[in-house]
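To start, the structure itself, in structure tokens.
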Amino acid sequence: MLSIHGCVALVTGSNRGLGRAFCEGLLQRGAKKVYAAARDPSKVSSAGVIPLKLDVSVFTDVGCVARDCQDVTLLINNAGVLRNSPMLGPNSQAAAHEEMATNFFGPLALVQALMPVLARNGGGAIANVLSVASWFANPFMATYCASKAAEEVLTDAIRIQLRSQATQVVGVYAGYIDTDMAAGANRPKVDPRAVVDRTLAGIESGSDRVFADDRSEYIDRQIRTDPEAFYADLQRLWDARQTTD
């Protein structure tokens, strides 16, 4: 188990929203150093962090970060893309490629590049910010769900593979978070700081999975206990939308 106090963290997607909340929460809990990675590091506004240029879908960026951040003990894969595309939408293939590049291939590349760094530094921890969308096919953003389902498989697989080097791997699940990504959703949203609090507590307690809000607990329970009813509700929502469009 990793102590947040004294750790050296690398957070992707740090220029806003949940990534910025992670940076600030880590420093408040005594992190020794926080690398704040973003496509445009000039937009990183958190005080006390070290801005880094990183587009997780660009492998040369990933290599540079791995070379320059040899003291990392905690990797938080937070960067994400949502294109709100149905699986058979007019732009679904482009949306799927972009979401997979950021939400799956990006974390995979970072883990591969940084796992020897983590091993040399005692094992450390990796936290992948997933979603309740990892668990089911929301027809309104199905390509995103596919990318997050792939990232969940990635998370479970690297947990098994990295256990021998004492690297803790945590999957973080939440519903709608009050960030720009969910700005168009007319649903209750959780404060990013609450997600950070639960995630960092989960890391320190040695958890494999963190349910970061009430919605994640509810969705998990519904899918496990009555998946037929859950998908019937999704079908009704989809059918109702088609009749009003």
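If only residues of the range 207-229 that are free of Cβ contacts under 8 Å to residues at least 60 places away in the same chain and hydroxyl-bearing (Ser, Thr, Tyr) are counted, the one that is nearest to Ala133 (Cα to Cα) is Tyr218. The single condition among (1) in a loop (DSSP other than H, G, I, E, B); (2) in contact (Cβ under 8 Å) with a residue 60 or more places away in the chain; (3) under 16 Å from the mean Cα position of the chain (by Cα) that Asn15 does not meet is (2).
In this structure, Phe105 does not satisfy being aromatic (Phe, Trp, Tyr), over 13 Å from the mean Cα position of the chain (by Cα) and part of a helix (DSSP H, G or I).
Step by step: first the residues of the range 142-166, then only those that are out of contact with any helix residue (DSSP H, G or I) (no Cβ under 7 Å at 6 or more places or on another chain) and surrounded by 19 or more Cβ atoms within 10 Å (Cβ to Cβ), then the one that is nearest to Leu26 (Cα to Cα). Which residue is that? Break it down stepwise before answering.
As a first pass, look at the range 142-166 and keep what is out of contact with any helix residue (DSSP H, G or I) (no Cβ under 7 Å at 6 or more places or on another chain): 142, 153, 155-157, 159-161, 163-164, 166.
Those still in the list that are surrounded by 19 or more Cβ atoms within 10 Å (Cβ to Cβ) too: 142, 155.
Values: Ala142: 32, Thr155: 22 Å.
Among residues in the range 142-166 that are out of contact with any helix residue (DSSP H, G or I) (no Cβ under 7 Å at 6 or more places or on another chain) and surrounded by 19 or more Cβ atoms within 10 Å (Cβ to Cβ), the one nearest to Leu26 (Cα to Cα) is Thr155.
Residue check: is Val169 among the β-branched types (Val, Ile, Thr), in contact with an Asp or Glu (Cβ under 8 Å, 6 or more places away or on another chain) and either over 30 Å from Gly122 (Cβ atoms) or not in a helix (DSSP H, G or I) (or both)? Judged against the criteria, Val169 is a match. Scanning the range 177-201 for residues that are among the basic types (Lys, Arg), assigned to a loop (DSSP other than H, G, I, E, B) and at pLDDT 70 or above yields one hit, Lys189. When the range 134-148 is limited to residues that are among the hydrophobic types (A, V, I, L, M, F, W, C), assigned to a helix (DSSP H, G or I) and in contact with a Leu (Cβ under 9 Å, 6 or more places away or on another chain), the one that is farthest from His97 (Cα to Cα) turns out to be Phe140.
Counting only residues that are of a type in the set (Ser, Thr, Tyr) and either surrounded by 24 or more Cβ atoms within 10 Å (Cβ to Cβ) or in contact (Cβ under 8 Å) with a residue 12 or more places away in the chain (or both), the range 51-81 holds 2 of them.
Scanning the range 73-102 for residues that are part of a loop (DSSP other than H, G, I, E, B) and within 17 Å of Thr199 (Cβ to Cβ) gives Thr73, Asn78, Ala79, Gly80. Among the residues here, Ala31 qualifies as under 18 Å from Leu74 (Cα atoms), among the aliphatic types (A, V, I, L, M), part of a loop (DSSP other than H, G, I, E, B) and in contact with a Cys (Cβ under 6 Å, 6 or more places away or on another chain).
Answer with yes or no whether Glu204 is more than 18 Å from Ser131 (Cα to Cα), surrounded by 12 or more Cβ atoms within 10 Å (Cβ to Cβ) and at pLDDT 95 or above. Can you show your working first?
Values: more than 18 Å from Ser131 (Cα to Cα): yes; surrounded by 12 or more Cβ atoms within 10 Å (Cβ to Cβ): yes; at pLDDT 95 or above: yes.
For Glu204, the condition - more than 18 Å from Ser131 (Cα to Cα), surrounded by 12 or more Cβ atoms within 10 Å (Cβ to Cβ) and at pLDDT 95 or above - is met.
Taking the range 202-245 as the range and being in contact with a strand residue (DSSP E or B) (Cβ under 9 Å, 6 or more places away or on another chain), assigned to a helix (DSSP H, G or I) and among the aliphatic types (A, V, I, L, M) as the test, the residues that pass are Ile203, Ile219. Exactly one residue out of Val169, Val132 is surrounded by 14 or more Cβ atoms within 10 Å (Cβ to Cβ) and within 30 Å of Lys32 (Cα to Cα), and it is Val169.
The values are calculated or read from the model by the stated rules, or taken from the named source; none is laboratory data. The structure presented is a predicted model; accordingly, all values stated were derived computationally and were not measured. Note that each Cβ is placed from the backbone with ideal geometry, even for glycine, and that neighbours are counted across all protein chains shown.
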